[in-house]
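A quick write-up on the structure given underneath.
The values are calculated or read from the model by the stated rules, or taken from the named source; none is laboratory data. Here the structure is a predicted model, which means the values were calculated and not measured. Here Cβ is always computed from backbone atoms with ideal geometry, including for glycine, and neighbour counts include all displayed protein chains. Remember, those area values only see protein heavy atoms, side chains included, never the ligands or the DNA or RNA. Shrake-Rupley method; radii C 1.70, N 1.55, O 1.52, S 1.80 Å.
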Amino acid sequence: MSPGSRILAIVPAFNEERAISRVIAEIQAVRPPVDVLVVDDGSSDRTREHALASGCAVVSLPFNLGIGGAVQTGFRYAVVHDYDVAVQVDGDGQHVASEISVLLDVMHGRQADVVIGSRFMERKGYKASFARKLGIFVFVTVNSLLLRKRITDNTSGFRAYNRKAIRFLSENYPQDYPEPESVIILGKNGFSIEETAVHMREREHGQSSIGAVRSVYYMVKVLLAIFVDVFKEPNHR
Amino acid sequence: MERVQIVSVLLGLCLLGIIFQLIRKNRLLEQYALLWILSALILLLMSAWRDLLHKLSALVGIYYPPSALFLLAILCGMMIALHFSVVISRLTKQNHTLAQEVALLRREVDALKSVKKS
């Protein structure tokens, strides 16, 4: 990254009191230093208190908006506070914070607007269930066809965005299951997307935002949103 | 006028009366009442002026004119329901934006307060 860039780590967290302190500490240990913003998505536990105790900025939503609304709050914060780069790091500890620098290097090296940390570019020990593999396959196929560029990990939330992308997403970010859809929106609006291989941990606490039963609903809904996006007029930049 | 006509005209007038009353008492905004008033007027017109209903049915090939009336009523209902979905979607978006703004502003206020204290 160019020296002097101001970097914000956006950490969406919903009832993550057991994991959040460790996640924050891990990000605070990253060099070059990164500011941390925890977006507490209407948690009913002590996520906010734990995050405040770690000395980072905390924004608490008055009620649960879902991951998309939470991350978008982070983009808005990044716009207001004039950050150059925003990195999304999930509050459950599955992303490896030390790999933020990997994303930043790729962003700088390949002049990308968006860098996605991918679990699937190399086999780095991520195990997935059959349903999940199917979903992953569907998104890879659909998004590759629509964008004519192969994105191997459309559901990864471990991503870095530059100033231009932050500004755009602060106005246009899907709400419920934003990751696969945002790839399409970004690609369609001319942002350059790159991927790089990263590790991901098995989650230790809390539940995935997608349970087994809801994965079908998830897929239908996201696919519908993606197909609708194709016919939408390009958003204003 | 046949009995069924009198009943349906009365029902239509009732609906109109209720809508006006709701607007008058500020419990229904005009913009949302518009579709309701339009629907009530269409149904009223159709029940009062049977000839129109018969001609309309013949025109689109409905053999049993009352079913044209049902069709109209259902279409009106669906139009209103769709309108509501549009309105709800807009409100949901605005609600999200408001929640985000409130959260960000609260954070700014807290930051300002702690600066003031020190």
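Some points to look at:
- Flag if residue A:18 is more than 24 Å from residue A:163 (Cα to Cα), surrounded by fewer than 18 Cβ atoms within 10 Å (Cβ to Cβ), in contact (Cβ under 8 Å) with a residue 60 or more places away in the chain and away from chain B (no Cβ under 12 Å): yes
Matching residues to (1) more than 14 Å from chain B (Cβ to nearest Cβ); (2) touching a strand residue (DSSP E or B) at 6+ places or on another chain (Cβ under 8 Å); (3) modelled with pLDDT under 95; (4) open to solvent by less than 20 Å² (accessible area, probe 1.4 Å):
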position: A:58; (1), (2), (3), (4): no, yes, no, yes
position: A:62; (1), (2), (3), (4): no, no, no, no
position: A:73; (1), (2), (3), (4): no, yes, no, yes
position: A:76; (1), (2), (3), (4): no, no, no, no
position: A:81; (1), (2), (3), (4): no, yes, no, no
position: A:85; (1), (2), (3), (4): yes, yes, no, yes
position: A:91; (1), (2), (3), (4): yes, yes, yes, yes
position: A:94; (1), (2), (3), (4): yes, yes, yes, no
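- Within segment B:87-116, restricting attention to residues that are among the small types (Gly, Ala, Ser) and loosely packed, with under 12 Cβ neighbours inside 10 Å, the residue that is farthest from residue A:57 (Cα to Cα) is B:89.
- For segment A:114-125, the criterion of being open to solvent by 10 Å² or more (accessible area, probe 1.4 Å) and either among the polar types (S, T, N, Q) or part of a helix (DSSP H, G or I) (or both) is satisfied by no residue at all.
- Residues of segment B:91-118 satisfying the condition of being part of a helix (DSSP H, G or I) and more than 14 Å from chain A (Cβ to nearest Cβ): B:116, B:117
- Segment A:155-166, residues that are under 22 Å from residue A:97 (Cβ atoms) and either open to solvent by 10 Å² or more (accessible area, probe 1.4 Å) or not hydroxyl-bearing (Ser, Thr, Tyr) (or both): A:155, A:157, A:158, A:159, A:160, A:162, A:163, A:165, A:166
- Single condition residue A:47 does not satisfy, out of (1) closer than 21 Å to residue A:160 by Cβ; (2) within 14 Å of chain B (Cβ to nearest Cβ); (3) not hydrophobic (A, V, I, L, M, F, W, C): (1)
- Residue check for residue B:80: open to solvent by 50 Å² or more (accessible area, probe 1.4 Å), at pLDDT 90 or above, away from chain A (no Cβ under 14 Å) and over 30 Å from residue A:49 (Cα atoms): no
- When restricted to residues that are closer than 21 Å to residue A:28 by Cα and either assigned to a loop (DSSP other than H, G, I, E, B) or aromatic (Phe, Trp, Tyr) (or both), segment A:93-113 contains 3.
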